[in-house]
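Worksheet: one structure, shown below.
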Amino acid sequence: MELINKSSKIQKITKSLLLVILGTIIITISAKIKIPFYPVPMTMQTFIILLLGVCLGSKMGLAVVSLYLLEGIVGLPVFANSPEKGIGIIYFTGPTMGYLIGFLFAVYFAGSFRYDKGLINSFIKLIFSVSLIYILGLIWLGTLIGWDKPIFKLGAQPFLLAELFKMLLLLFLIPKLLKVKSLLRIS
């Protein structure tokens, strides 16, 4: 009986590690692909961050995003504009650091919420989660470049329409994502 329990634990750990690594790969791909959109091209990175939270839950989602950020900090070119704009800690502490840290909060909250109370309720939860990315991003951007600059116009306004599109897309995918979550048996 003990051997079966040990084998089950090893399988669970292996499955978790594979999901975390796969999650970081998906975030990296979503950061690298730019989709033409108005007024600026968009990546699907925030969409994937919230999707991972919904599918994997808060703890596993947090593990994925933490590993992703660690990969970038140690120099792997996982971030959106790396290696063109630098890699490692230099890139991480640049203008996007607040947004990147916001990923941790967004995935945690997206993974903590229940999405079975209707579309409007789910939409509000998604908007709250993605807002954390922008709030932390704007705070860091203002600290970095100065509060006398038009921080909101530079760091959020150009992306709001794309975020609305991504949140609506995710909203309608949630029922399918919850089925995936139950198939994966992730809590």
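At-a-glance table
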quantity: Index of the failed condition, L126 passing every other in (1) buried (at least 20 other Cβ atoms within 10 Å of the Cβ); (2) more than 17 Å from G61 (Cβ to Cβ); calculated: (2)
quantity: Pairs, first under 20 Å from V64 (Cβ atoms) in segment 6-17, second part of a helix (DSSP H, G or I), C-beta under 9 Å, six or more apart; calculated: K15/L184; S16/M60; S16/A63
quantity: In segment 84-93, the residues that are modelled with pLDDT of 85 or more and surrounded by fewer than 16 Cβ atoms within 10 Å (Cβ to Cβ); calculated: I89, I90, T93
quantity: Checklist (1) touching a residue at least 12 places away in the same chain (Cβ under 8 Å); (2) over 21 Å from L168 (Cβ atoms); (3) more than 11 Å from the chain's Cα centre (by Cα) applied to L62, failing item; calculated: (3)
quantity: Number of positions in segment 18-53 that are of a type in the set (A, V, I, L, M), over 19 Å from F105 (Cβ atoms) and in contact with a Phe, Trp or Tyr (Cβ under 8 Å, 6 or more places away or on another chain); calculated: 2
quantity: Restricting segment 54-83 to residues that are of a type in the set (S, T, Y) and closer than 17 Å to F105 by Cβ, the residue that is surrounded by the most Cβ atoms within 10 Å (Cβ to Cβ); calculated: Y68
quantity: Selection within segment 141-160 - farther than 18 Å from G102 by Cβ and either assigned to a helix (DSSP H, G or I) or not acidic (D, E) (or both); calculated: G146, W147, K149, P150, K153
quantity: Unique match (being modelled with pLDDT of 95 or more and surrounded by 14 or more Cβ atoms within 10 Å (Cβ to Cβ)) among K166, K181; calculated: K166
quantity: Filter pass, I135 being part of a helix (DSSP H, G or I), among the β-branched types (V, I, T) and closer than 18 Å to V107 by Cα; calculated: yes
quantity: Per-region count, segment 1-15, residues more than 17 Å from M60 (Cβ to Cβ) and at pLDDT 75 or above; calculated: 5
quantity: Among residues of segment 80-135, those that are over 12 Å from the mean Cα position of the chain (by Cα), within 20 Å of M44 (Cβ to Cβ) and β-branched (V, I, T), counted; calculated: 2
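Here's the yes/no breakdown for (1) part of a helix (DSSP H, G or I); (2) among the polar types (S, T, N, Q); (3) within 21 Å of L52 (Cβ to Cβ):
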position	(1), (2), (3)
S122	yes, yes, yes
K125	yes, no, yes
V130	yes, no, yes
I139	yes, no, no
A162	yes, no, yes
L171	yes, no, yes
K179	yes, no, yes
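The values are calculated or read from the model by the stated rules, or taken from the named source; none is laboratory data. Model, not experiment: these values are computed from the prediction. No Cβ is skipped: glycine too gets one built from the backbone with ideal geometry, and neighbour counts run over all protein chains shown.
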